[in-house]
Structure formats: C-alpha cells, structure tokens
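Everything on this sheet refers to the single structure shown next.
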Amino acid sequence: MSKPSVFISSTQRDAELAQRFEAALKDAGVDASNPAREAVQGKDWRKSIRTAIRGADAVVMLALAPQNLSSSWMSYEAGIAEALGKRIMLLMSNRNSVAELPADFAATQVVQFDPQAPESAARDIAFRLGVV
C-alpha cells in the first residue's frame, strides 16, 4: 500500500512552521509537498500548484492565525482543492477559536494543534489519512 500524500498550503509568515510540519509528516509516514520550499524561480507556479494538488490525497491548510487564510495564494489553493474534490483539512493553532475562521472555511475539517509541537499534529493528520 502506498503512503498517503499531502499538499501543505501556508503563507510565507508560516513558512518555518510549514517546513517543520512537512518533516514531521514524513516521519509519520505521509508523503508531503510544501510548494513554498519547492518553488523554482521562473517556473509557472500556478501549474506546479495545480499538478501537486491533483496528485495529493489531501490538502492541509496550515494557518497560525485565522486571518492568514485570507491570503490570495491560500484561497487559490483551497479553490483548486475543492474543484478537484480533494479532502481539505485546516491545521489551526489551538490559541485561536474556530469561531474566528473566515466564512469560506466554516465547513472545513479543523485540526487544532500546539504550534510548538507540529509532530503531534502530523501524527493526527497521518491517523486521519489511515496511516497506522
């Protein structure tokens, strides 16, 4: 059985945490794609993002603060994932309330986590994707 794969969507402000989360996902048995780390100058980002999301089993929207979800890139990536029928999970800091989420994300599956411990969140996501 192949490993489930995840596309990580985040803002530049959350880039360091996204890298830590990506490493933790891989340690938990999940293939992870982090476009912020994999971006190549001069390459068509939109096409690369569409291709990566199309190949993923799920998209994890990582946002330390609910307002980060309003970034144009995160909205773009969420729209592609929705159009492709991909499972979307919102990884949100446990320091924020779900009530603070933008209306567009109100029906999204939320996983709250401690930003100091992305390993715990990665194990939770892996479990939700069926990794034992």
* Asked: Hey, what do the phi angles of region 5-11 turn into as Karplus ³J(HN,Hα) couplings, whole Hz, using 6.51/-1.76/1.60 and θ = phi - 60°, x for Gly and Pro?
  -> 10, 10, 9, 9, 9, 7, 8
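How about region 76-132: which trypsin sites (Lys or Arg not before Pro) there lie in a loop by DSSP and see at most 13 other Cβ atoms within 10 Å?
Of the trypsin sites (Lys or Arg not before Pro), the ones in loops of region 76-132 whose Cβ has at most 13 other Cβ atoms within 10 Å are 95.
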* Asked: Any idea what the dipole of the chain comes to, in debye rounded to 20, about its Cα centre with Lys/Arg Cβ at +1 and Asp/Glu Cβ at -1?
  -> 340
* Residues whose placed amide H lies under 5 Å from that of residue 32, excluding near-sequence neighbours -> 6
* Under the rule of -39500 (n - 2.57) per DSSP H run of 4 or more residues, summed and divided by the residues of the chain, what mean residue ellipticity at 222 nm is obtained, to the nearest 500 deg cm²/dmol? -> -11500 deg cm²/dmol
* Asked: Arranged by the count of other C-beta atoms within 10 angstrom, fewest first, what order do 119, 22, 100 take?
  -> 100, 119, 22
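Please work out whether the chain counts as rounded, prolate or oblate from its C-alpha gyration tensor, where a ≥ b ≥ c are the square roots of the eigenvalues and a/c under 1.5 means rounded, while otherwise a/b larger than b/c means prolate and anything else oblate?
On the way: a/c = 1.32, a/b = 1.05, b/c = 1.26.
Verdict is rounded for the chain.
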* Asked: Rounded if a/c is under 1.5, else prolate if a/b is larger than b/c, else oblate: which is region 83-132, with a ≥ b ≥ c the root eigenvalues of its Cα gyration tensor?
  -> oblate
* To do: Could you pull out every residue, at least 5 positions away or on a different chain, whose amide H is within less than 5 Å of the one on residue 59? Hs are placed 1.01 Å off N in the peptide plane, and Pro or chain starts have none.
  => 7, 87, 88, 89
* Asked: Roughly how many whole Å is it from the C-alpha centroid of region 8-34 to that of region 60-132?
  -> 12
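Net charge near residue 121, counting Lys/Arg +1 and Asp/Glu -1 over other residues with Cβ under 13 Å of its Cβ? Kindly include the intermediate steps, with their values, before the conclusion.
Details: positive: 20, 123, 128; negative: 14, 22, 27, 114, 119, 124.
My count for the surroundings of residue 121 gives -3.
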* Report the net charge of residues surrounding residue 50, where surrounding means a beta-carbon distance below 12 angstrom and charges are Lys +1, Arg +1, Asp -1, Glu -1. => +2
* Asked: What distance in nm separates the simple spin-label points at residue 3 and residue 76, each placed 7 Å from Cα in the Cβ direction?
  -> 2.7
* By the gyration tensor of its Cα atoms, with a ≥ b ≥ c the square roots of the eigenvalues, what is the shape of region 44-122: rounded for a/c under 1.5, prolate for a/b over b/c, or oblate? -> prolate
* What is the set of long-range amide H partners of residue 110 at a cut-off below 5 Å, with H atoms built 1.01 Å from backbone N? -> 90
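A short reminder: the numbers here are calculations on the coordinates, not readings from a lab. What you see is a predicted model, and the numbers here were worked out from it, not measured in a lab. Using ideal geometry, Cβ is built from the backbone for each residue, glycine included, and neighbour counts are taken over all protein chains shown.
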